[in-house]
Amino acid sequence: MKKYIILVIMSLIIANLFIYATTSYAPIADKYRYSTMKLGENLNENFGEITSEVEINQSFVAKYNNLSGLAIFVSTFNRSNTGETTVNILDEKRNVLRTVELENSDLNDNEYTEIKFTPIEGTKNKVLFINVSSGSAVGNNAITMWKDFRQSPNTKLSVNNEFVDGTLVGNTIYENKIDMSSRIIINFVVFLLNFLTLGLFRFLRKR
């Protein structure tokens, strides 16, 4: 009986050390905290200046739960621009779930811009939209984004409500969360592995 109590305690310690390492210990957690899904990849053509007269909509099916950000390739035309560019995340019914205002003057030329927001729960396999617009940018004082001529699976791209071929160049980012059910499963699996290992040692000792 004492052996099984020790086994349970060791299993709990090992399982929760694993959970801690993958969620809280920075050198390890940073590697496992996020998952990404690529949209477009090739820089085939930009959308032109994203002024108040331009609206981009990119639909996609979320690969995981907890959508928490985007990384979109941005160009500034090698100049400093003023005004703001608005990025919205919409659900299938076009309800706004998240809004991020990008200060055009803060954006770097020809780089992926990371856009973070509070994770959206329950996004896995849901149709979502990335909506990009600007209420203040004007010609010769605006940024642009890029499209890949290839259309990624389960995506649609439109500019000013007209469908166009291709996919917005960028990635969707998801936060990996270990919920209570996952914690229970991890603890059970570690206990089972320890139990089987102990049984194997006892079997080998008898031979």
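The values are calculated or read from the model by the stated rules, or taken from the named source; none is laboratory data. Small disclaimer: the values here were computed from a predicted structure and weren't measured. Note: ideal-geometry Cβ built from the backbone for every residue, glycine included; neighbour counts use all protein chains shown.
Taking the condition of being assigned to a strand (DSSP E or B), of a type in the set (Ser, Thr, Tyr) and over 21 Å from Pro153 (Cα atoms), how many residues in region 32-59 meet it?
Just the residues of region 32-59 that are assigned to a strand (DSSP E or B), to begin with: 34-38, 40, 45-46, 55-59.
Subsequent filtering for residues that are of a type in the set (Ser, Thr, Tyr) retains 34-36, 59.
Now drop any that are not over 21 Å from Pro153 (Cα atoms), which leaves 34.
Within region 32-59, residues that are assigned to a strand (DSSP E or B), of a type in the set (Ser, Thr, Tyr) and over 21 Å from Pro153 (Cα atoms) number 1.
Can you name the condition, by its number, that Thr118 falls short on among (1) in contact with a Lys or Arg (Cβ under 9 Å, 6 or more places away or on another chain); (2) among the β-branched types (Val, Ile, Thr); (3) surrounded by 15 or more Cβ atoms within 10 Å (Cβ to Cβ)?
(3)
Could you tell me whether region 168-190 includes any residue that is in contact with an Asp or Glu (Cβ under 6 Å, 6 or more places away or on another chain) and either at pLDDT 60 or above or at negative phi (or both)? It would help to see each step written out before you state the result.
As a first pass, look at region 168-190 and keep what is in contact with an Asp or Glu (Cβ under 6 Å, 6 or more places away or on another chain): 169.
From what's left, either at pLDDT 60 or above or at negative phi (or both): 169.
Within region 168-190, one or more residues are in contact with an Asp or Glu (Cβ under 6 Å, 6 or more places away or on another chain) and either at pLDDT 60 or above or at negative phi (or both).
Working only within region 33-85, note down all residues that are within 10 Å of Thr144 (Cα to Cα), touching a Phe, Trp or Tyr at 6+ places or on another chain (Cβ under 9 Å) and β-branched (Val, Ile, Thr).
Val74
Would you check if Val61 is in contact (Cβ under 8 Å) with a residue 12 or more places away in the chain, within 18 Å of the chain's Cα centre (by Cα), buried (at least 19 other Cβ atoms within 10 Å of the Cβ) and assigned by TED's automatic domain parsing to the domain that holds Asn161? Spell out the reasoning first.
Working: in contact (Cβ under 8 Å) with a residue 12 or more places away in the chain: yes; within 18 Å of the chain's Cα centre (by Cα): yes; buried (at least 19 other Cβ atoms within 10 Å of the Cβ): no; assigned by TED's automatic domain parsing to the domain that holds Asn161: yes.
No, not satisfied.
Checking Thr85 against (1) at pLDDT 95 or above; (2) part of a loop (DSSP other than H, G, I, E, B); (3) hydroxyl-bearing (Ser, Thr, Tyr), which test does it fail?
Thr85 satisfies every listed condition except (2).
What number of residues within region 64-87 satisfy the criterion of being touching a helix residue (DSSP H, G or I) at 6+ places or on another chain (Cβ under 8 Å), of a type in the set (Ser, Thr, Tyr) and surrounded by 14 or more Cβ atoms within 10 Å (Cβ to Cβ)? Give the steps one after another, and end with the answer.
Step one: filter region 64-87 for residues touching a helix residue (DSSP H, G or I) at 6+ places or on another chain (Cβ under 8 Å), giving 76, 80-85.
With of a type in the set (Ser, Thr, Tyr) added as a condition, the list becomes 76, 80, 82, 85.
Still in the list and also surrounded by 14 or more Cβ atoms within 10 Å (Cβ to Cβ): 76, 85.
Within region 64-87, residues that are touching a helix residue (DSSP H, G or I) at 6+ places or on another chain (Cβ under 8 Å), of a type in the set (Ser, Thr, Tyr) and surrounded by 14 or more Cβ atoms within 10 Å (Cβ to Cβ) number 2.
Would you be able to tell me the number of residues in region 88-99 that are outside any loop (DSSP other than H, G, I, E, B), surrounded by fewer than 16 Cβ atoms within 10 Å (Cβ to Cβ) and of a type in the set (S, T, N, Q)? Steps first, please.
Here is the first cut: in region 88-99, the residues outside any loop (DSSP other than H, G, I, E, B) are 88-90, 96-99.
Cutting the leftovers down to surrounded by fewer than 16 Cβ atoms within 10 Å (Cβ to Cβ) gives us 96-97, 99.
Right, trim to of a type in the set (S, T, N, Q) and you get 99.
Looking only at that region, the number is 1.
How many residues does region 160-170 hold that are in a strand (DSSP E or B) and crowded, with 18+ Cβ neighbours inside 10 Å?
Of the residues in region 160-170, 4 are in a strand (DSSP E or B) and crowded, with 18+ Cβ neighbours inside 10 Å.
Please enumerate the residues belonging to region 60-82 that are assigned to a loop (DSSP other than H, G, I, E, B) and either closer than 25 Å to Leu43 by Cα or among the basic types (Lys, Arg) (or both). Write out each step before concluding.
From region 60-82, those assigned to a loop (DSSP other than H, G, I, E, B) are 62-66, 76-82; that's our starting set.
Within region 60-82, Ala62, Lys63, Thr76, Phe77, Asn78, Arg79, Ser80, Asn81, Thr82 qualify.
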